[in-house]
Every structure is written in structure tokens, then in C-alpha cells.
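Read through the structure below, which is laid out as C-alpha cells, and then see the notes.
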Amino acid sequence: MTSLDSKTAIEPTFTIRTADGEQQVDAYSEEGAAVLANLWTRAGWQQKLSYEATWLGIPIIQLPEDIVMLQELIWRTRPTAILECGVAHGGALVFYASMLDLLGRGHAIGVDVEIRKYNRLAVESHPMSKRISLIEASSTDPATRDRVKGLLQPNDQVMVTLDSNHSREHVLTELELYGPLVAPGGYLVVFDSVMTLVHDAPNGKDEWTSDNPLAAVEEFLRNHPEFEQDRAAERLGPTYCTGGFLKRRLEP
């Protein structure tokens, strides 16, 4: 592997292959930045870079750019409850709880069909556990949705994030179950809609071209005009939430 340092001269143009043939792209242009973001997202997925970061000591398994966008949305919309479907190690749940702690109110609810012993221990022993509730159950079971609603206060402003099973059917069911919890002006964030982009990566799968969270989002939006995609939340370039930042309109 070639080692590059700050003194290495690199031409700010590069060649890409498209359906129309080879094309020269200026890295400093808007188009060049978009191409590089696309390639970096693909490379980062393959190298599993999202597994490298932790939040307050716990693996978060998210891109830094998406974490930054989420904190921006949380700070701007100021939810009083954040629901996460798909707890994994618990880093994202701790992130949500820490943001709510900065706001001085609210709690985060984590739902997962299996919360492993050591992940539960890490979350429940964390300083942010005071703002966290865990539910070990299937997120697509209406009874689980009812348990979530039982933890909410009547006037809670709810943000929902979906990061569990990434099949189209599973995500669509979650969208239908938990979308109504989001108040006007609030957000519903769907992770790993990027699967359509990385289906042809070495660790991708061909079926991701149709069986993915973005397909669920598109169907959900056709039937729920009260939600719209917030593309501004993708402005940093690399994201695993392509088309997945959904804002509930203030007006129906």
C-alpha cells in the first residue's frame, strides 16, 4: 500500500467510468465532491468503518456524518422521547440519551428482538442509563408498539430511528407502526437505506437492489403524504441514510 503524506502531490482530477464512457472529474467541483462522497461511502462500507467509532465508550456503529446530522436534528427539534429500533451494542441509544440530557429532559427507548447480556450490562451501568428504557421484543409486533406507547407521556414529542432488520418488509412494518408516534415537525430516521448503493460491493448482495430500507421508505411515502424526505440532512456527503431522513410536515 502506498503511503501518502501532506507533501505528496496529488492531481485534483480523476477519471471515472460511466455508462457513457470515461469522464474526467475535478475533485474541487460540486460534481467531484459528490463522486468522492459516493466512493468514500462504498469504501467505508466495505472496510466497516462505522464499527470503529464509540459514543461515550460504547460502539455506536454509525457514520460520523450521520451522527452529526442527528445531533443537529435533535437540538433543533428538541424531542422529549427518542425511540430506537435496533439496539446492537447500545452506543446510539446512549448518544440519544446524552443529547436529551443536554436538553435537560426526556428519555430514550431502545427496542431489540435480542439484547445480549453484555450489551445490556454496558447500557444499564452507563451514566446515561437514567434516561434509557430497554424493551427486548420484536419491533414489528403491535404489542411492542403498545409497550412503547406505555412509556410515553401524553405530550411527548417523539423522534423515531429505525436500525434493526433491514429488509423492505420489516422496515415498512416498522414505519407503519411507529410513524404515527412522530408529531408534526418531528423526524423519523431510517438507517441503511444505503444498501442500494453498496449492493455490488464485495460484501454486498444482489438482492439489496430491491430488498432494502429505501424501498420501504418509498412505499411508505406514497401512502403517507404527511411525511417528506429532508435531503438537507444528507448535505455532508457520506451517509447511510440516503433518502431516510423523514420529516413530518407541519401541515397535512
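If you take the residues in segment 35-79 that are β-branched (Val, Ile, Thr) and part of a helix (DSSP H, G or I), which one is farthest from residue 122 (Cα to Cα)? Outline the logic, then answer.
Step one: filter segment 35-79 for residues β-branched (Val, Ile, Thr), giving 35, 41, 54, 58, 60-61, 67-68, 74, 77.
Next cut, part of a helix (DSSP H, G or I) only: 35, 41, 67-68, 74, 77.
Details: 35: 39, 41: 29, 67: 20, 68: 23, 74: 24, 77: 28 Å.
Taking the candidates together, the pick is 35.
Could you please let me know if residue 189 is in contact (Cβ under 8 Å) with a residue 40 or more places away in the chain, farther than 19 Å from residue 67 by Cβ and not in a helix (DSSP H, G or I)? So residue 189 does not fit the description; no. Of all residues assigned to segment 211-218, at least one qualifies as being part of a helix (DSSP H, G or I), assigned by TED's automatic domain parsing to the domain that holds residue 83 and out of contact with any strand residue (DSSP E or B) (no Cβ under 9 Å at 6 or more places or on another chain). Output the residues belonging to segment 197-209 that are surrounded by fewer than 19 Cβ atoms within 10 Å (Cβ to Cβ) and either in the same structural domain as residue 40 (by TED's automatic domain parsing) or touching a helix residue (DSSP H, G or I) at 6+ places or on another chain (Cβ under 7 Å) (or both). Correct list: 199, 201, 202, 203, 209.
Suppose the filter is in the same structural domain as residue 163 (by TED's automatic domain parsing), over 25 Å from residue 40 (Cα atoms), modelled with pLDDT of 95 or more and surrounded by 15 or more Cβ atoms within 10 Å (Cβ to Cβ); does residue 176 pass it? Walk me through it before giving the result.
On the way: in the same structural domain as residue 163 (by TED's automatic domain parsing): yes; over 25 Å from residue 40 (Cα atoms): yes; modelled with pLDDT of 95 or more: yes; surrounded by 15 or more Cβ atoms within 10 Å (Cβ to Cβ): yes.
Here the answer is yes, as residue 176 does meet what is asked.
For residue 189, are the conditions met, namely being of a type outside the set (S, T, N, Q), at pLDDT 95 or above and closer than 24 Å to residue 91 by Cα? Write out each step before concluding.
On the way: of a type outside the set (S, T, N, Q): yes; at pLDDT 95 or above: yes; closer than 24 Å to residue 91 by Cα: yes.
The answer is yes for residue 189.
Report yes if residue 4 is at pLDDT below 95, within 21 Å of residue 162 (Cα to Cα) and out of contact with any strand residue (DSSP E or B) (no Cβ under 7 Å at 6 or more places or on another chain), otherwise no. Answer is no for this residue.
The values are calculated or read from the model by the stated rules, or taken from the named source; none is laboratory data. Note that the structure is a prediction, hence the values are computed from the model and not measured. So basically every Cβ, Gly included, is an ideal-geometry build from the backbone, and we count neighbours across all protein chains shown.
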